[in-house]
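Below is one structure, written out as C-alpha cells, with a few remarks after it.
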Amino acid sequence: MNKLLQNPKVKKLLYFLGGLSILFLLFNYLLMPWFVYSAEVQVPKVVNLQQEEAIRVLDEAGLDAIIGDTTFIETGFAKNAIILQKPHAGEFVKKGRRIFLVLSGGEPTTVVPSIQGKSITNARFALERVGLKIGEIMEVSSDNPKDIIIAQQFIAGVKLKKGTFINVSVSTGQVEGEIEIPNLIGKSLTEAERILNESFLKVGKINYQPSFDLLPNTVKDQYPSPGSWLNQGDAVDLFITKNVETKEEITTREE
C-alpha cells in the first residue's frame with residue numbers, strides 16, 4: 001500500500017481528487033449560497049403607477065415587466081395605471097423574473113340612447129339599461145304633449161362614463177294665455193275683426209264654407225273655440241259662409 005502511495009502518478013491523482021473535493025466544498029457551501037442570495041431582488045411596488053413608469057421601475061430593479069391584461073373598473077384607478085402585479089410588491093425573486101401586470105382601461109363607458117319623445121319613466125328605464133341616470137328635470141312649455149321629453153343634455157351616440165346623470169327638458173304642454181277668446185259665431189266677418197282687435201287679437205286663416213242657413217260672410221265656426229285663452233297678438237282662425245245657389249236651384253238642376 002505504501003509503495004502504491006509512493007507512486008508519483010498515484011500521488012498526482014490523489015492531489016487532483018483532493019483539490020477537486022476542496023473546490024466542490026467551497027463552491028457548494030460558500031460560493032453557491034452567495035451567488036443565489038446576490039441574484040435575488042425585492043419586487044418594487046408598481047400598483048397605481050402609469051404603464052411606462054412601472055416598466056421603468058421594474059427594469060431598473062432587473063425585472064421583466066409583462067402586460068398581461070387590461071380591465072375596466074368603476075373607480076380608483078386612472079386609465080393605463082397598474083391595478084395588479086404578480087409577484088406582489090415586497091417579495092424576493094431572482095433577477096430577470098417576469099412580473100405580470102394588469103392595466104386599467106379607465107372607468108367603463110356606455111353609449112347614450114335617444115330618450116326624446118319618451119316619458120320620464122320610459123327614459124329612466126332606457127338609461128338604466130346602459131348604466132346612465134336621469135339628472136335634473138326642467139319643465140318647458142311647448143306644443144308637444146305634456147310630460148314628454150323634448151330635449152336631452154347629451155345627444156344620442158355620445159360615449160359617457162357609466163353612472164353619469166343626464167339632464168332633460170320636459171314639456172308642460174301649451175301654456176294658456178291671458179286673453180279669453182270671445183264668441184264670434186254668428187257675427188259678420190267685419191264685426192268679428194273689430195271684436196278681435198278690441199281684445200288685442202287678430203284674424204288668422206279664413207276658411208270659406210257654403211251655407212244655406214246663414215248670410216254670406218258670417219262666422220260659422222272658429223278655432224280656438226270661445227272661452228279658450230290666448231296671448232296678445234295671437235290669431236283666431238275663422239270659418240266664414242259664402243254665396244251658394246239655393247236648394248231649389250240645385251234640386252232643379254239635378255232633376
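General remarks:
- When Val219, Val170, Val203 are checked against the criterion of being closer than 30 Å to Ala126 by Cα and either in contact with a strand residue (DSSP E or B) (Cβ under 9 Å, 6 or more places away or on another chain) or at pLDDT 90 or above (or both), a single residue qualifies: Val170.
- Just one of the listed residues (Arg124, Arg98) is charged (D, E, K, R), in the same structural domain as Ala54 (by TED's automatic domain parsing) and surrounded by 13 or more Cβ atoms within 10 Å (Cβ to Cβ), and it is Arg98.
- Residues of the range 153-190 classified as within 30 Å of Leu214 (Cβ to Cβ), outside any loop (DSSP other than H, G, I, E, B) and free of Cβ contacts under 8 Å to residues at least 40 places away in the same chain, total: 2
- Residues located in the range 210-245, provided they are assigned to a loop (DSSP other than H, G, I, E, B) and among the charged types (D, E, K, R): Asp213, Asp234, Glu245
- Of the strands (runs of 3 or more DSSP E) lying entirely inside the range 74-135, those containing at least 3 residues that are under 19 Å from the mean Cα position of the chain (by Cα) span 109-111.
The values are calculated or read from the model by the stated rules, or taken from the named source; none is laboratory data. Since we're looking at a predicted model, the values are computed, not measured. No Cβ is skipped: glycine too gets one built from the backbone with ideal geometry, and neighbour counts run over all protein chains shown.
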